[in-house]
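Engineer: I have a structure I would like to understand better, so I am pasting it below and will then ask my questions one at a time.
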Amino acid sequence: MSQFTPGGPGDVLTRAMTQVVTQSIGQPFVVESRPGAEGLIAAEQCRTSTPDGYTLCAADSFAVSLLPVISSNLKFDPLKEMTPIVHMGFLSSLILVHPSVPSNSLEELFALAKTKPGSVTWGSWGPASSPHIYMEWLKKERGISFLEVPYKSAPFAWQGMQAGEVQVAVFATGPSVGVVKAGKAKALALVNPARSSVVPNVPTLREAGMPVDVLTWFGLFSPNGTPREMIQRINAEAVKGFFGNTALTDKYLTSQGFSTAAPTGGSPEAFATFLREDRESNARLVKLTGVSVDH
């Protein structure tokens, strides 16, 4: 069961991993995409499935960690009703500016925005998006105001930045690198736990002076009640057959701008610990910024 749209980075990664698990265990797993409602459709299907070890659930950070703390009327909490199996990686993104912007670092961008409040445009994709959260944090914590321009999705905001409609955007590292290397955009910071080999000279958001990164990660779960031995077996096969295979990680993770920082490819226990910490981090951020959305 997958919340990801077919063809997207999460879908491609999930299919590659389940293929490895299928070959190792000998039990075929068919990826069934159930996108929509920010991942809640797939999560609902997951939590009500028979916990026999043959239903796996691929979900991301928004559905599991962020949505439950920005929405006041969710019917269930995915973190409490799904069992973690393995962290599949962080999808890093870049904070980018149009070449016309006279800023070559995040601090220079902030200084520009502070000098001319509300004049620097930043594309977002709604009140639950990471750009919106960043802008609200900057406004409250550092007195810096950007002019938010909402788009339907991240790709539209990214296209708007390239076209000069807005000056700042956040987009996935993989598809952004070519544009940056061509001089059609400048990368000021990387949203990721650690620097990326794809853009080694770009500092992380925290290194650039903004200790508030909204991380995007993908993970594999199962319905609560799934036998522990099955969870451990699937984890072991994924860790050995996928994360232990450099050719696969290079193809499906590194080359696409994914990060394999811990707890990627670790134990179910390490993933569970990370999930609690990530939820707490998001809750503190949401409380500080006041961001909320109803579903």
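The values are calculated or read from the model by the stated rules, or taken from the named source; none is laboratory data. These figures come from a predicted structure and were not determined experimentally. Ideal geometry is used to build each Cβ from the backbone, glycine not excepted, and the neighbour counts take in all protein chains shown. The protein model used for the area step is the full one, side chains on, heavy atoms only, and it has no ligands, DNA or RNA in it. Shrake-Rupley method; radii C 1.70, N 1.55, O 1.52, S 1.80 Å.
Engineer: Sort out for me the Cα centre separation of segment 109-172 from segment 20-98, rounded to whole Å.
Structural biologist: Rounded to whole Å, the Cα centres lie 28 Å apart.
Engineer: Treating only the Cβ atoms of Lys and Arg (+1) and Asp and Glu (-1) as charged, compute the dipole magnitude of the chain about its Cα centre; round to the nearest 20 debye. Mind showing how you got there, number by number?
Structural biologist: Values: 24 positive and 24 negative charges, 95 e Å.
Around 460 debye, computed over the chain.
Engineer: Please list, in chain and number order, the residues 5+ apart from residue 58 or on another chain whose amide H is under 5 Å from its amide H, with Hs placed from the backbone.
Structural biologist: Close amide H contacts, sequence-distant or interchain: 2, 3, 221.
Engineer: In whole percent, what relative contact order does segment 166-262 give with Cα contacts below 8 Å and a gap of six or more residues?
Structural biologist: Values: 64 pairs, mean separation 30.1, N = 97.
Rounded, it is 31 percent for segment 166-262.
Engineer: Could I ask something else about it? Quick check on the chain: helices-only [θ] at 222 nm, where DSSP H runs of length 4 and up contribute -39,500 (n - 2.57) each and the sum goes over total residues. Nearest 500, please. Walk me through the numbers before you get to the answer.
Structural biologist: Values: 11 runs with 114 residues, N = 295.
Theoretical 222 nm ellipticity from helices: -11500 deg cm²/dmol.
Engineer: Could you estimate the translational diffusion coefficient of the chain from the Stokes-Einstein equation, with Rh from the Kirkwood formula over C-alpha pairs, at 25 °C and 0.890 mPa s, in whole µm²/s? Show your work: numbers first, answer last.
Structural biologist: Working: Rh = 19.7 Å.
Estimated diffusion coefficient is 125 µm²/s.
Engineer: Now a separate question. Each residue of segment 223-229 in order: what ³J(HN,Hα) in whole Hz does its phi give by Karplus 6.51 cos²θ - 1.76 cosθ + 1.60, θ = phi - 60°, with x for Gly and Pro?
Structural biologist: For segment 223-229, the Karplus-derived couplings read x, 4, x, 5, x, 4, 5 Hz, x marking Gly and Pro.
Engineer: While we're here: With every protein chain present, what is the per residue accessible area of the chain (1.4 Å probe, Å²)? Intermediate values should be presented prior to the final figure.
Structural biologist: Numbers: 12540 Å² over 295 residues.
Dividing the accessible area of the chain by its residue count gives 43 Å².
Engineer: What accessible area, in Å² to the nearest ten, does a 1.4 Å probe give for residue 54?
Structural biologist: Looks like 110 Å² after rounding.
Engineer: For segment 232-295, give the magnitude of the charge dipole about the Cα centre (Cβ charges: +1 Lys/Arg, -1 Asp/Glu; no others), in debye to the nearest 20.
Structural biologist: Roughly 40 debye, rounded to the nearest 20.
Engineer: How big is the convex hull of the Cα atoms of segment 153-286, per residue, in Å³?
Structural biologist: Taking the convex hull of the Cα positions in segment 153-286, it is 134 Å³ per residue.
Engineer: When the accessible area of the chain is split by element with a 1.4 Å probe, what percent falls to carbon and sulfur?
Structural biologist: For the chain, the apolar C and S fraction of the accessible surface comes to 52 percent.
Engineer: Within segment 82-182, which trypsin sites (Lys or Arg not before Pro) sit in a loop by DSSP and count at most 13 neighbouring Cβ atoms inside 10 Å? Walk me through the intermediate numbers first.
Structural biologist: On the way: sites: 114, 139, 140, 142, 152, 181; in loops: 152.
Within segment 82-182, the qualifying trypsin sites (Lys or Arg not before Pro) (loop, at most 13 other Cβ atoms within 10 Å) are 152.
Engineer: Tell me the accessible surface of residue 161 in square angstrom (1.4 angstrom probe, heavy atoms of protein chains only), to the nearest ten.
Structural biologist: Per-residue accessible area (residue 161): approximately 0 Å².
Engineer: At 0.692 mPa s and 37 °C, plugging the Kirkwood radius over alpha-carbon pairs of segment 81-230 into Stokes-Einstein gives what diffusion coefficient in µm²/s?
Structural biologist: D = 202 µm²/s.
Engineer: Right, another one. Could you state, as a whole-number percent, how many of the C-alpha pairs of segment 211-295 are farther apart than 22 Å?
Structural biologist: Working: 1478 of 3570 pairs.
Every Cα pair in segment 211-295 considered, those over 22 Å come to 41 percent.
Engineer: Would you mind computing the Rg to Rh ratio of segment 146-202 from its alpha-carbon coordinates, Kirkwood style for Rh? List each step's numbers first, then the result.
Structural biologist: On the way: Rg = 11.6 Å, Rh = 12.1 Å.
Rg/Rh: 0.96.
Engineer: What's the ranking of 165-174, 257-266, 239-248 by average number of surrounding C-beta atoms within 10 Å, highest first?
Structural biologist: The most tightly packed comes first, giving 165-174, 257-266, 239-248.
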